[in-house]
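What follows draws every value from the coordinates through simple rules; no lab data is involved. The structure presented is a predicted model; accordingly, all values stated were derived computationally and were not measured. All Cβ positions, glycine included, derive from the backbone under ideal geometry; neighbour counts span all protein chains shown.
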Amino acid sequence: MQDEIRIALPSKGRMEEETLVFLEGCGLRVNKTNPRQYTATIPALPGVLVLFQRARDIPVSVAAGDVDLGITGYDALRETVDGELDTVIVIHEALRYGECSLVVAVPDEWSDVQTTADLARKSASVRCAWRPSM
């Protein structure tokens, strides 16, 4: 039986920064003495080991039992353990940070597409014009 609780947190980028700020706001400052290290502690929680991992690896680590809990994006959870969601329990799925932006891009040749309504019309015309060969 292990003596410590292992928590996985995102290891880089905005998700790492916002997770550390979130935890600090909860009174759980993460003590990472060297930015290159992949382990840390939370002084307010003795016996807790923080492991920094890629966001998409966190759900896999939780599902495998390599860590006891983790904070990651819901998208990473869905992409990595989809179909096996019974292997993890989502405690809270909306921490209110880490939002993403959806970008829709079309080829330059589609000069008639400037809005999502234009895109809907274009896709409808392409679907009507396309007929599968039998």
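What to note about this one:
- Förster-model FRET efficiency, 22 Å R0, residue 14 and residue 112, C-beta, rounded to 0.05: 0.05
- Sorting 31-43, 51-63, 4-16 by their mean Cβ neighbour count within 10 Å, with the most densely packed peptide first, gives 51-63, 4-16, 31-43.
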